[in-house]
Amino acid sequence: MKWLACELHTHTVHSDGKQTLLELALGAKRLGFDCIALTDHNTMSGLQGKEEVEKETGIAVLPGMEWTTFYGHMVTVGLETFVDWRKAEPNTIHASVAGVHEQGGVAGLAHPFRIGTPVCTGCFWEFNIRDWNDFDYIEVWSTTFAPVKQDNQRAFALWTKLLNEGVRIAATSGRDWHRHEETEDPLSVTYLGLREEESASIQESAVNALKEGRVAVTIGPLVTMEVCSEAGEAAYGLGAAVPAGHPDKKECYTSRVRVSFSVREGMWQLPAQSYRLVVNGSEGGLAEMSIGAEDNHYEIGLGSSEKRPVWIRAELWGNVRGVHALIAFTNAIYFDREAGYE
């Protein structure tokens with residue numbers, strides 16, 4: 001799996017940003033990103049010259065748009081064709097999402113718990129969602145030093161609640177990048193997992209990764225995970241579902257977690273410390289260990305399938321600027337369940 005370092009929420013002078021697409025891409029390159037999604041408010045005009053910018057900078061630019069309404073902001077990525085955001089009403093948002101999907105794009109909630117009117121008109125999510133499975137992702141980390149911010153913690157808790165309810169939805173980060181300015185705050189990165197054998201374009205592969213939940217989020221090291229059966233017959237990566245076996249046969253599984261501290265070398269810094277690597281799931285904390293700051297693999301047993309979880313994810317915790325915080329997390333690996341399982 002090739003992991004693409006992405007910034008999925010950006011703006012240019014074509015909406016309320018203070019940067020051109022070229023300036024945005026050059027800034028992303030300096031920060032060690034491979035890819036950005038241009039998500040200007042209610043317009044795609046900023047994508048003019050996209051191919052020339054990609055050629056000059058080596059940064060892949062995903063076409064997108066942030067639907068900016070009175071009832072919430074929705075980020076769409078992967079669309080080549082404009083889908084009219086003005087039709088989005090509190091009770092019709094599902095039809096709007098269907099329109100995005102028909103054009104090959106993905107749709108996600110932007111900063112759903114940010115303060116709304118009158119401070120930030122429409123920033124707080126108020127659309128009525130009947131079926132969360134219609135959406136592709138939730139931006140659970142927004143702006144800089146995201147893990148410590150209360151609105152992001154609420155978004156992360158919402159994502160966890162939905163996973164517990166059986167919804168299969170991805171989680172991402174987004175800086176909501178409007179201007180070039182130096183900051184000492186940790187920057188979040190959304191890593192998208194591209195299959196090595198894929199012959200599609202980077203744009204198509206990145207959108208597929210978002211659709212399928214091959215996503216990891218971090219303010220430092222990259223954490224990824226797969227689940228393997230005891231017999232070693234198959235491995236299931238992020239976003240995949242472990243199939244249910246025979247109800248009368250107990251099966252044991254192992255999670256293989258990889259932590260890479262060498263990603264985007266020199267672009268982030270954490271104090272010397274021992275980190276806490278946790279595997280969490282619908283059944284609560286499944287395993288925990290202390291690890292050092294080195295690239296390594298860790299195998300963590302998950303027990304038998306008798307108490308099969310709905311989902312699991314890996315989390316890395318540690319100290320960041322004097323605060324104990326979540327540093328990185330994977331998206332979920334799911335477990336199909338059949339009659340006979342608890």
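A few comments on the model shown:
- Scanning segment 76-95 for residues that are under 24 Å from the mean Cα position of the chain (by Cα) and either more than 22 Å from Leu38 (Cβ to Cβ) or hydrophobic (A, V, I, L, M, F, W, C) (or both) yields Val77, Leu79, Phe82, Val83, Trp85, Ala88, Ile93, His94, Ala95.
- The set of residues in segment 142-151 being part of a loop (DSSP other than H, G, I, E, B) and among the β-branched types (Val, Ile, Thr) consists of Thr143, Thr144.
- Residue ID - surrounded by the most Cβ atoms within 10 Å (Cβ to Cβ), chosen from residues in segment 276-298 that are among the acidic types (Asp, Glu) and not in a strand (DSSP E or B): Glu283
- Matching residues in segment 61-91 - criterion: being at pLDDT below 95 and among the β-branched types (Val, Ile, Thr): Thr81, Val83
- Counting the residues of segment 142-161 that are surrounded by fewer than 20 Cβ atoms within 10 Å (Cβ to Cβ) and aliphatic (A, V, I, L, M) gives 3.
- Within segment 169-181, considering residues that are of a type outside the set (Asp, Glu) and in a loop (DSSP other than H, G, I, E, B), the one farthest from Ala28 (Cα to Cα): Ile169
- Residue within segment 247-258 that is in contact with a Ser or Thr (Cβ under 9 Å, 6 or more places away or on another chain), modelled with pLDDT of 95 or more, under 28 Å from Phe33 (Cα atoms) and hydrophobic (A, V, I, L, M, F, W, C) present: yes
For (1) more than 23 Å from Gly285 (Cβ to Cβ); (2) in a helix (DSSP H, G or I), each residue gets a yes or a no:
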residue	(1), (2)
Gln153	no, yes
Trp159	no, yes
Val167	no, no
Thr183	yes, no
Leu192	yes, no
Ala209	yes, yes
Thr224	no, no
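- Taking the criterion of being among the acidic types (Asp, Glu) and free of Cβ contacts under 8 Å to residues at least 12 places away in the same chain, the only residue of segment 15-51 that qualifies is Glu51.
- The residue of segment 85-141 that is surrounded by the fewest Cβ atoms within 10 Å (Cβ to Cβ), among those that are in a helix (DSSP H, G or I) and among the basic types (Lys, Arg), is Arg86.
- Entry remark, segment 194-220: residues being crowded, with 22+ Cβ neighbours inside 10 Å and farther than 27 Å from Asp134 by Cβ number 3 in total.
- Residues in segment 279-309 that are in contact with a Leu (Cβ under 7 Å, 6 or more places away or on another chain) and of a type in the set (Val, Ile, Thr) were compared, and the one that is farthest from Ser260 (Cα to Cα) is Val279.
- Within the set Phe261, Phe329, the sole residue that is closer than 28 Å to Asn164 by Cβ, of a type outside the set (Asp, Glu) and at pLDDT 95 or above turns out to be Phe329.
- Taking segment 186-245 as the range and being within 19 Å of Leu163 (Cβ to Cβ) and of a type in the set (D, E, K, R) as the test, the residues that pass are Lys211, Glu212, Arg214, Glu226.
- Here Tyr191 meets the list (1) over 14 Å from the mean Cα position of the chain (by Cα); (2) aromatic (Phe, Trp, Tyr); (3) surrounded by 23 or more Cβ atoms within 10 Å (Cβ to Cβ) almost entirely, failing just condition (1).
- Residue count for segment 299-324 under the criterion of being assigned to a strand (DSSP E or B) and crowded, with 17+ Cβ neighbours inside 10 Å: the result is 11.
The values are calculated or read from the model by the stated rules, or taken from the named source; none is laboratory data. Source: prediction; values computed, not measured. Heads up, the Cβs are rebuilt from the backbone with ideal geometry, glycines too, and the neighbour counts pull from every protein chain shown.
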